[in-house]
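Notes follow the structure.
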Amino acid sequence: MDGLALASLAAAALLYALGLRRVRASGAPFQGSRVAWFYAGIAALLVALGPPMHGLAEETFLAHMAQHLLLVLVAPPMLALGAPITLALRASTPRVRTRVLVPLLRSPAARFLSNPIVGWVLLIGVSFGVHVTPIFDQALRSGVVHGAEHIVWLTAALIYWWPIVGRDPSPHRISFPVRMLSLFLAMPAMSFLALAIYSATVPLAPTYAALNPSNALADQQSAAVLMWLFGNVLLTVAILAVAIAWKHHDTERSAVSTG
């Protein structure tokens, strides 16, 4: 892991802890499960970007794919479940909240990025754009490009999961059926990309091919299988989680209306 990535994760963890202390010092509640989810997301990023994963990702396509899945389908929903925006709103002063945070949440950029269609297009577009273009191989040759690739992956994933998880305020409060539809439609798109990678008759990354000349295609196919299998399992789990949250939401509404 490079110093910038480590410093960024440490800063995120520290800011969250400081915000949590400020909120709890004021006597306001903040669910412990949210805290656990956020730091689980930080831990997943440490696994993805730290040793031994980082070194292995520069040697095999399979490890690189595992790293991408952690950055896209594991860490981001965990971070979103930590409700960091809600924590920031509660921990900030009234002046900062009304003059900075709330205007940001109501800005055209936030409205655009929180649109579930935009998030879906970004996530799938980045997935295809990285794996089927020379960017993938360039990331193996340049630490700067590799770092930028990780930033793009994580940013697109966070934008996608923000409205899907629905823990934080958002200009687009999408319904549970739309959340499930978005996750469901991500499955065939990811599966098609995995099939394209598996079916390729030449190595997609010459750098990997040079490192493993006798095993390059087998490594590439293993990565595709991992993407198809692990990716679809995670998306299925997410769909089930949204369905459970939907049921709980309806139960609570019924209890309120009949109470």
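The values are calculated or read from the model by the stated rules, or taken from the named source; none is laboratory data. All of these numbers come straight from a predicted model, not from anything done at the bench. All Cβ positions, glycine included, derive from the backbone under ideal geometry; neighbour counts span all protein chains shown. Areas reflect the complete protein model, heavy atoms only, side chains present, ligands, DNA and RNA absent. Shrake-Rupley method; radii C 1.70, N 1.55, O 1.52, S 1.80 Å.
Things to note:
- Considering the range 20-40, the residues that are among the hydrophobic types (A, V, I, L, M, F, W, C) and under 21 Å from the mean Cα position of the chain (by Cα) include one that is farthest from R97 (Cα to Cα), namely A40.
- Pairs meeting the criteria (first residue in the range 237-251 and farther than 14 Å from L181 by Cβ, second residue of a type in the set (K, R) and surrounded by 15 or more Cβ atoms within 10 Å (Cβ to Cβ), beta carbons under 9 Å, at least 6 apart or on different chains) are A245/R179.
Matching residues to (1) touching a helix residue (DSSP H, G or I) at 6+ places or on another chain (Cβ under 6 Å); (2) free of Cβ contacts under 8 Å to residues at least 12 places away in the same chain:
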residue	(1), (2)
L81	yes, no
T86	no, no
T93	no, yes
V96	no, yes
R99	no, yes
L105	no, no
G119	yes, no
F136	yes, no
V145	yes, yes
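- One residue alone among V96, V72, V102, V121 is aliphatic (A, V, I, L, M) and buried (at least 18 other Cβ atoms within 10 Å of the Cβ), and that residue is V72.
- Subset of the range 189-229 [in contact with a helix residue (DSSP H, G or I) (Cβ under 6 Å, 6 or more places away or on another chain), among the aromatic types (F, W, Y) and closer than 17 Å to F128 by Cα]: Y198, W228
- Residues satisfying the stated conditions in the range 41-64, i.e. open to solvent by less than 20 Å² (accessible area, probe 1.4 Å) and either at positive phi or over 14 Å from the mean Cα position of the chain (by Cα) (or both): G50, A57, F61, A63, H64
- Residue match in the range 197-206 (condition: touching a residue at least 40 places away in the same chain (Cβ under 8 Å), open to solvent by less than 60 Å² (accessible area, probe 1.4 Å) and more than 28 Å from the chain's Cα centre (by Cα)): no
- The residues on offer are R179, R173, and the sole one that is open to solvent by less than 60 Å² (accessible area, probe 1.4 Å) and basic (K, R) is R179.
- Options L211, L226, L240; residue that is within 22 Å of V165 (Cα to Cα) and either buried (at least 16 other Cβ atoms within 10 Å of the Cβ) or not polar (S, T, N, Q) (or both): L240
- Check on M53, farther than 17 Å from D168 by Cβ and free of Cβ contacts under 8 Å to residues at least 40 places away in the same chain: yes
- Test: residue in the range 2-13 that is loosely packed, with under 15 Cβ neighbours inside 10 Å, on the phi > 0 side of the Ramachandran plot and of a type outside the set (D, E, K, R): no
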